[in-house]
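Participant: Pasting a structure here, questions to come.
The values are calculated or read from the model by the stated rules, or taken from the named source; none is laboratory data. The shown structure was predicted, so the numbers you read here are calculated from the model rather than taken from an experiment. Backbone-built Cβ (ideal geometry, glycine too); neighbour counts: all protein chains shown. All accessible areas refer to the heavy atoms of the entire protein, side chains included, with ligands and DNA or RNA removed. Shrake-Rupley method; radii C 1.70, N 1.55, O 1.52, S 1.80 Å.
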Amino acid sequence: MLEVGIKGKEETIVSEANSAKTMGSGTLDVFATPAMTALMEKTAWKSVAAFLDEGCGTVGTLLNITHDAPTPFGMRVWCESELTEIDGRRLVFHVAVYDEKGKIGEGRHERFIIQNEKFQAKANEKAM
């Protein structure tokens, strides 16, 4: 059952693939802000996926975050999420990201529950 308090955790290792230089968000060999936001979204959606009705998923609709500290190649990074509010189909999460030295970012993330096939069909209509 979907309820406030559901928590999630996902992790990655900082590498060239998720660096600011590679992702186009800067010129340095550090964990990219777009990679951090993707990790936040992944952690949130995966945390609630098993609690949704069959055929349903979630899509991100809002991120309000800070990226407060750099992380170099080779360091482990993880995100922790907590579902803090349920308002109909709108889900609100607190997300925080850490590296081996401490917190590097945090914020608020909203997702909406959708019917996967219906949502995909709507997106596909744009291609016609």
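Participant: Condition test on Ser81, is it among the hydroxyl-bearing types (Ser, Thr, Tyr), buried (at least 16 other Cβ atoms within 10 Å of the Cβ) and under 12 Å from the mean Cα position of the chain (by Cα)? Talk me through it step by step, then tell me what you get.
Facilitator: Working: among the hydroxyl-bearing types (Ser, Thr, Tyr): yes; buried (at least 16 other Cβ atoms within 10 Å of the Cβ): yes; under 12 Å from the mean Cα position of the chain (by Cα): yes.
Against the criterion (among the hydroxyl-bearing types (Ser, Thr, Tyr), buried (at least 16 other Cβ atoms within 10 Å of the Cβ) and under 12 Å from the mean Cα position of the chain (by Cα)), Ser81 qualifies.
Participant: A further question on this structure: Mind listing just one residue for me: the one in segment 84-124 that is basic (Lys, Arg) and closer than 19 Å to Pro34 by Cβ and, of those, surrounded by the most Cβ atoms within 10 Å (Cβ to Cβ)?
Facilitator: As a first pass, look at segment 84-124 and keep what is basic (Lys, Arg): 89-90, 101, 103, 108, 111, 118, 122.
Adding the requirement that they be closer than 19 Å to Pro34 by Cβ leaves 103, 108, 111.
Numbers: Lys103: 13, Arg108: 15, Arg111: 21.
Applying the filter and picking the extreme gives Arg111.
Participant: For Gly74, indicate whether it is in contact (Cβ under 8 Å) with a residue 40 or more places away in the chain, small (Gly, Ala, Ser) and on the phi < 0 side of the Ramachandran plot.
Facilitator: Criteria not met by Gly74.
Participant: Farther than 15 Å from Glu110 by Cα, assigned to a strand (DSSP E or B), of a type in the set (Ser, Thr, Tyr) and out of contact with any Cys (no Cβ under 7 Å at 6 or more places or on another chain): does that describe Thr12?
Facilitator: Judged against the criteria, Thr12 is a match.
Residue-wise test of (1) more than 12 Å from the chain's Cα centre (by Cα); (2) closer than 19 Å to Val4 by Cβ; (3) modelled with pLDDT under 95.
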{"site": "Ser25", "(1), (2), (3)": "yes, no, no"}
{"site": "Leu39", "(1), (2), (3)": "no, no, no"}
{"site": "Ala50", "(1), (2), (3)": "yes, yes, no"}
{"site": "Asp53", "(1), (2), (3)": "yes, yes, no"}
{"site": "Ala69", "(1), (2), (3)": "yes, no, no"}
{"site": "Tyr98", "(1), (2), (3)": "yes, no, no"}
{"site": "Ile104", "(1), (2), (3)": "yes, no, no"}
{"site": "Gly107", "(1), (2), (3)": "no, yes, no"}
{"site": "Arg111", "(1), (2), (3)": "no, yes, no"}
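Participant: On the basis of being in contact with an Asp or Glu (Cβ under 6 Å, 6 or more places away or on another chain) and in contact (Cβ under 8 Å) with a residue 40 or more places away in the chain, does Gly105 make the cut?
Facilitator: Yes: the conditions hold for Gly105.
Participant: Mind checking which pairs have a first residue in segment 18-42 that is at positive phi and a second that is at pLDDT below 95 and small (Gly, Ala, Ser), Cβ under 6 Å, 6 or more apart or different chains?
Facilitator: none
Participant: Now for a different question. Gly88 is checked against (1) out of contact with any Gly (no Cβ under 7 Å at 6 or more places or on another chain); (2) touching a residue at least 24 places away in the same chain (Cβ under 8 Å) and fails just one. What number does that condition carry?
Facilitator: Every listed condition holds for Gly88 apart from (2).
Matching residues to (1) more than 16 Å from Arg76 (Cβ to Cβ); (2) open to solvent by 40 Å² or more (accessible area, probe 1.4 Å); (3) of a type in the set (Phe, Trp, Tyr); (4) in contact with a helix residue (DSSP H, G or I) (Cβ under 6 Å, 6 or more places away or on another chain):
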site	(1), (2), (3), (4)
Lys7	yes, yes, no, no
Ile13	no, yes, no, no
Lys21	yes, yes, no, no
Leu28	yes, yes, no, yes
Lys42	no, yes, no, no
Trp45	yes, yes, yes, no
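Participant: Going through segment 63-78 one residue at a time, which ones are open to solvent by 70 Å² or more (accessible area, probe 1.4 Å) and closer than 30 Å to Phe51 by Cβ?
Facilitator: Of all residues in segment 63-78, those open to solvent by 70 Å² or more (accessible area, probe 1.4 Å) come to 64, 68, 70, 73, 76.
If the condition is that a residue be open to solvent by 70 Å² or more (accessible area, probe 1.4 Å) and closer than 30 Å to Phe51 by Cβ, then Asn64, Arg76 are the ones that fit.
Participant: Quick one: Leu28 ticks every box in (1) more than 23 Å from Phe119 (Cβ to Cβ); (2) in contact with an Asp or Glu (Cβ under 7 Å, 6 or more places away or on another chain) except a single one, so which number is it?
Facilitator: Looking at each condition in turn, Leu28 falls short on (2).
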